[in-house]
1. When the residues of segment 29-85 are filtered to those that are β-branched (Val, Ile, Thr) and touching a helix residue (DSSP H, G or I) at 6+ places or on another chain (Cβ under 7 Å), which remaining residue is modelled with the lowest pLDDT?
2. List every residue pair whose Cβ atoms lie under 6 Å apart, where the two residues are 6 or more positions apart in sequence or sit on different chains, the first residue falls within segment 31-60 and is polar (S, T, N, Q), and the second residue, located anywhere, is at pLDDT 80 or above.
3. Of everything in segment 151-171, what is touching a His at 6+ places or on another chain (Cβ under 9 Å) and either buried (at least 21 other Cβ atoms within 10 Å of the Cβ) or of a type in the set (D, E, K, R) (or both)? Give them in sequence order.
4. Quick test of your reading of the structure: Gln157 fulfils all but one of (1) closer than 30 Å to Asn478 by Cβ; (2) assigned to a helix (DSSP H, G or I). Name the failing condition by number.
5. Within segment 442-464, is there a residue that is touching a His at 6+ places or on another chain (Cβ under 8 Å) and of a type in the set (S, T, N, Q)?
6. Can you name every residue in segment 37-56 that is in contact with a Leu (Cβ under 7 Å, 6 or more places away or on another chain) and closer than 23 Å to Phe170 by Cβ?
7. With the structure loaded, tell me whether Gly409 is closer than 14 Å to Leu108 by Cα, crowded, with 22+ Cβ neighbours inside 10 Å and out of contact with any helix residue (DSSP H, G or I) (no Cβ under 6 Å at 6 or more places or on another chain) or whether it fails that test.
Amino acid sequence: MFNRYKILAAYLLAIPLALILGILAASPNELTFMLIGMLLFFLALPVFIKWHHFFLLISWNSAFSAFFLPGEPTFWLLFAGLSFGLSGLDHVMGRRPFPAVPEMTRPLLLMAAVVIGTACYRGGVGTRLLGGAAHGGKNYIYCLGAILGYFALTAGQIPVLKSQKMAGLFFLSGATNALSNLAYFLGPAFYFFYYLVPVSTVGGQVASDFGLTDIDRIQGLGLTGLAGMCFLLTRYGIQGLFDWTKPWRFVFLCLVFVMSCFAGFRSALVLFLLVFAFQFYFEGMLRTRLFPVVVGLAVVGFVSLMFCADRLPLSVQRSVSFLPVNVDSEVRADATGSIDWRLEIWSVVWKDAPKYLVVGKGYSFDATEMESTLEAIQLGLLNNSEEQILAGSYHNGPLSVLIPFGIIGSVAFLWVLAAGFRVLYSNLRYGDARLKRINCVLLSCYLARCFCFVFIFGALNTDLYLFLGLVGLSVSLNGGAKRKPGSGLEYARESMSQSYAMEVK
């Protein structure tokens, strides 16, 4: 009889919900999508409570966004807030405490204080979504979301037996960045994908199809190629990829390398090569017979590129245009124009830097001022770079920290980077031997991204979560920040355990 009541209650709940969803789906709009999304969220809440850490891991590098919510936030941001809240409840109830990693906690708290303090001083988190007249407040949310996401990642420890699988999914989720380009290539029948993935990555394809340029850049393939290489490295390592008894591994490495070249971005190719180089070093391959083999392959590849670079697809030529090779004149002009445009932005921004050394400029800007700037650009009164400057898109990592958050924010960010390196290096050196390959990949990706952020291209609001995601995954895999046995906290823990054992005896 009790089961009958349960079934009846389920029907009484399910049938009205089905009718409501059907009525809402008949007249779709933004409010409809939001209501349906909220309803599905509450229905799936038990699943999120159990698997929230897993969902956070696999969504961290993905391109998916919640189209049914205002502002279309990315999935990693949503799961960061959800997972942090659920992990916080577990911590309060004493079931699963956060791991003690004070070397990361202190700089992150300082960084969060700087972000919140700057936002309050510069007029609050002004967002158009909340009815405000200012724009740009979304960047504050992404910076704070990255910090919350780090703590959410570290709240759940991944078993060693599942480490390779989880690390592989963490990196491989980045392959979803190619879905936007794939949907455009397949045609209007697949445009429904743009509800879940951003349409901005198809700009190069659209410009090529409409005759604005001959360079058909497939932007999503850059991140997809990097995701594929990191997945291969976590599974096989450098030594395993060059195992000639299993040549298909090396073939896959070459395929993801070529894939990155078709993105048409020099930074994507540099990042790919840097990750490979750091991984080669940390795996200790410099003192093996593999070193001359890799050097020989690099020399052969470069010589071949010198003779045939100008006959490659234009997007590939643009990717390799930073090398001393002969490329098409249009590609060279486009690459040079990009550099000149960035130098123009930096020269203007650098003059204003002294005004924001003490208190940063922040991210918010007035919507009316942006409209006036766009009109002036259309009339030819201002350069195109003025729009990027007003929006805070400086295309330079150090400037993206110094201008919005001043000297204090820059110090906090450098402290975060240094602490992250310390955690990753300690886990590589003193962590479980079974995790060495994964720890190598995490440290290699971290150093490669740091180099690109400082010297090539970066933005704090879009890159902070990438840095913290690598560190957070390392802490989750290793159960904290490992230290040299017999020193520091490890020594204190050993002493406490020995004292407790003696008292029990």
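1. Thr32
2. Close Cβ pairs satisfying both conditions: Ser59/Phe75; Ser59/Trp76; Ser59/Phe79.
3. Ala152, Leu153, Ala155, Ile158
4. (2)
5. no
6. Phe48, Ile49, His52, Leu56
7. Details: closer than 14 Å to Leu108 by Cα: yes; crowded, with 22+ Cβ neighbours inside 10 Å: yes; out of contact with any helix residue (DSSP H, G or I) (no Cβ under 6 Å at 6 or more places or on another chain): no.
So Gly409 does not fit the description; no.
Per-residue answers, yes or no, for (1) at pLDDT 95 or above; (2) assigned to a helix (DSSP H, G or I); (3) in contact with a helix residue (DSSP H, G or I) (Cβ under 8 Å, 6 or more places away or on another chain); (4) surrounded by 13 or more Cβ atoms within 10 Å (Cβ to Cβ):
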{"position": "Phe421", "(1), (2), (3), (4)": "yes, yes, yes, yes"}
{"position": "Leu447", "(1), (2), (3), (4)": "yes, yes, yes, yes"}
{"position": "Cys450", "(1), (2), (3), (4)": "yes, yes, yes, yes"}
{"position": "Thr462", "(1), (2), (3), (4)": "no, yes, yes, yes"}
{"position": "Arg483", "(1), (2), (3), (4)": "no, no, yes, yes"}
{"position": "Glu494", "(1), (2), (3), (4)": "no, yes, no, no"}
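The values are calculated or read from the model by the stated rules, or taken from the named source; none is laboratory data. Everything numeric in this text was worked out from a predicted model, so none of it was measured. Glycine also receives a Cβ, built like all others from the backbone with ideal geometry; neighbour counts cover every protein chain displayed.
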